[in-house]
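Novice: Dumping the structure here so I can ask a few things about it.
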Amino acid sequence: MKLTEQQANSLYGQDVKDRSGSKIGSVGQIWADAAGEPTWVSVQTGLMGRKESMAPLDKARITDSGLTVDYDKSTVKDAPAVDAGTDQPLDTTQIQQLYGHYRLTPQAPPAPGRGRKPAAGEDMIRSEERMRVGTESQPAGTARLRKYVVTEDVHTTVPVEHDEVHVEREPIAARDARGMRADIGEAEQEMTLRAERPVVGKETVPVERVHLAKDEVVEEQPIDDRIRRERVDADIPERSRRRR
């Protein structure tokens, strides 16, 4: 795919997707060959300030949602990478690694597209880096709910009854003795006694529902980084300067 300079400049920061439409990352830089034709793109696939994977623009296409390359996501992520924001041309070793990774025929070493010298009368494009801060989700630990059995001592009281025996004596009056039989000899009398004893029974009953729940807490976290911007200085002969 051949890009015009305007198309190339419009891609900075745009999404990069693989052949199936899955997002890989965003455009870091556009790299041009010796003739000034954009041939490579560096893709920011993780946090800012790290490495950018290189991907060829051959067979890539521009869509409404950004740039789509003709490779799968894993191939691009595993490709040789460059430092984020670098303005150094690729050396011979990097070129060989890139073309070997993508199984392409090596060509002239490309240079960053932003370093191309403007033709006479052509506008010079001044660029600057913009910090794009985002977030990524990562595991922060595992919460577990565990149930176990403990034994505790319980002290309580319960009322119990028992029979106690005592002897009651009642004198017999002379008028009542006439009808009674008076024998002298041995005799026995029995009485069944009753006593209660404590009995302990246990039952298992449900008492509480317990489950894990989580709350999302938002907090501000400071981020410090450096960004680069270009400045343009004009070197104009004194006689040719506009007088104000």
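The values are calculated or read from the model by the stated rules, or taken from the named source; none is laboratory data. Please read these numbers as outputs of a predicted model, since none were measured by experiment. A quick note on method: Cβ atoms are made from the backbone with ideal geometry, for glycine too, and the neighbour counts reach across all protein chains shown. Surface areas here come from the heavy atoms of the whole protein model, side chains and all, with no ligands, DNA or RNA. Shrake-Rupley method; radii C 1.70, N 1.55, O 1.52, S 1.80 Å.
Novice: Bin width 5 Å, origin at 0, all Cα-Cα pairs of the chain: what percent of pairs per bin?
Specialist: 1, 4, 8, 10, 10, 7, 6, 5, 4, 4, 3, 3, 2, 2, 2, 2, 2, 2, 2, 2, 2, 2, 2, 2, 2, 2, 2, 2, 1, 1, 0, 0, 0, 0
Novice: Another question about this same structure. For the ranges 59-70, 184-195, what's the packing order if you count other beta-carbon atoms within 10 Å of each residue, average per peptide, and put the highest first?
Specialist: Top of the packing list down: 59-70, 184-195.
Novice: Something else now. Near the amide H of VAL41, under 5 Å away, which other amide H atoms are found, from residues 5 or more places off or on another chain, if H is placed in the peptide plane?
Specialist: Under 5 Å from the amide H of VAL41: TRP31, ALA55, LEU57.
Novice: Give the separation of the Cα centroids, region 177-193 to region 37-86, in Å.
Specialist: Taking the Cα centre of region 37-86 as reference, the centre of region 177-193 is 119 Å away.
Novice: Just to be sure I understand the model, the point goes 7 Å from the Cα along the line to the Cβ. What's the resulting ASP163 to ALA34 distance in nm?
Specialist: Going by the 7 Å Cα→Cβ label model, 12.3 nm.
Novice: How big is the C-alpha Rg of region 1-91 next to the rule-of-thumb value 2.2 N^0.38 Å, as a ratio?
Specialist: 0.97
Novice: Tell me the carbon and sulfur percent of the accessible area for the chain, rounded to whole percent, probe radius 1.4 Å.
Specialist: That share works out to 46 percent.
Novice: For helix 92-101, report the angle its Cα long axis makes with the longest principal axis of the Cα atoms of the chain; keep it between 0 and 90° and round to the nearest 10°.
Specialist: Approximately 60 degrees, to the nearest ten.
Novice: Moving to a separate point now. Which of ASP33, ASP123, ASP153 moves the most in a Gaussian network model of the chain with Cα springs under 10 Å?
Specialist: Answer for the Gaussian network model of the chain: ASP153.
Novice: Applying 1/(1 + (r/R0)^6) with R0 = 45 Å to the Cβ-Cβ distance of GLU196 and THR142, what FRET efficiency is obtained, to the nearest 0.05?
Specialist: About 0.25, to the nearest 0.05.
Novice: Quick check on the chain: helices-only [θ] at 222 nm, where DSSP H runs of length 4 and up contribute -39,500 (n - 2.57) each and the sum goes over total residues. Nearest 500, please.
Specialist: -2500 deg cm²/dmol
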